[in-house]
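To start, the structure under review is shown below, and the notes come after it.
The values are calculated or read from the model by the stated rules, or taken from the named source; none is laboratory data. Here the structure is a predicted model, which is why all the values come from computation and not from measurement. Positions of Cβ are backbone-derived with ideal geometry, glycine not excepted, and every protein chain shown enters the neighbour counts.
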Amino acid sequence: MLPEIIKLKQWAKQIKKIWRHPIYLVGSALHKAHPRDWDIRVELPAAQFRRLVGPIRGWEKKMNNGKWEETEQRWSNICVGFWHNGCDKTGLNIDFQFYPQSYCKKNFKGLPKRKLA
């Protein structure tokens, strides 16, 4: 196993302690030998997402139309913080995202994902 993959799994275990939900590898890294980036996703219950970001319905609508406000910026800032930490800890180009479980069911249903931690 490549050292970066070992570091990725170690990092996933560390951040799982923060999120308290599974950490998934998704996207092209599941099937490409040399992916451009490593998509890491956390799928949160609605209540936890709302505590961090705000109302899901408003967030989802603005995420899709590009008219970002405070809640979308809050979401982005958290993603960027974990992106930076993940890149630093693993040496990989991490693309970190967290979403409400309902959003994942609607938008990512049937797409592969691999549990890292």
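Some values worked out for this structure:
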| item | result |
| --- | --- |
| Among (1) part of a helix (DSSP H, G or I); (2) under 14 Å from the mean Cα position of the chain (by Cα) - the single one ARG41 does not satisfy | (1) |
| Long-range neighbours under 6 Å by Cβ, at least six apart or interchain, first residue loosely packed, with under 11 Cβ neighbours inside 10 Å within region 101-117, second among the hydroxyl-bearing types (Ser, Thr, Tyr) and modelled with pLDDT of 95 or more | LYS115/TYR24 |
| Enumeration of residues in region 15-38 that are more than 14 Å from the chain's Cα centre (by Cα) and within 22 Å of ARG74 (Cβ to Cβ) | LYS17 |
| Candidates PRO22, PRO3 - the one that is closer than 19 Å to ASN107 by Cβ and either in contact with a strand residue (DSSP E or B) (Cβ under 7 Å, 6 or more places away or on another chain) or loosely packed, with under 15 Cβ neighbours inside 10 Å (or both) | PRO22 |
| Odd one out for VAL80, checked against (1) touching a residue at least 40 places away in the same chain (Cβ under 8 Å); (2) within 15 Å of the chain's Cα centre (by Cα); (3) over 16 Å from TYR103 (Cβ atoms); (4) surrounded by fewer than 16 Cβ atoms within 10 Å (Cβ to Cβ) | (1) |
| Residue pairs meeting the criteria (Cβ under 6 Å; at least 6 apart or on separate chains; first at pLDDT 95 or above, in region 27-39; second surrounded by fewer than 15 Cβ atoms within 10 Å (Cβ to Cβ) and part of a loop (DSSP other than H, G, I, E, B)) | LEU30/PRO112; ASP37/ASN93 |
| Flag if LEU92 is surrounded by fewer than 11 Cβ atoms within 10 Å (Cβ to Cβ) and not in a helix (DSSP H, G or I) | no |
| Region 6-18 - residue that is surrounded by fewer than 17 Cβ atoms within 10 Å (Cβ to Cβ) and either touching a strand residue (DSSP E or B) at 6+ places or on another chain (Cβ under 8 Å) or of a type in the set (D, E, K, R) (or both) and, of those, farthest from GLN48 (Cα to Cα) | LYS7 |
| Residue in region 51-66 that is surrounded by the most Cβ atoms within 10 Å (Cβ to Cβ), counting only those that are part of a loop (DSSP other than H, G, I, E, B) and modelled with pLDDT of 90 or more | VAL53 |
| Subset tally (residues that are closer than 27 Å to ARG51 by Cα and either modelled with pLDDT under 95 or of a type in the set (S, T, N, Q) (or both)) for region 83-98 | 2 |
| Residue list for region 86-114, restricted to those being basic (Lys, Arg) and more than 12 Å from the chain's Cα centre (by Cα) | LYS89, LYS105, LYS106, LYS109, ARG114 |
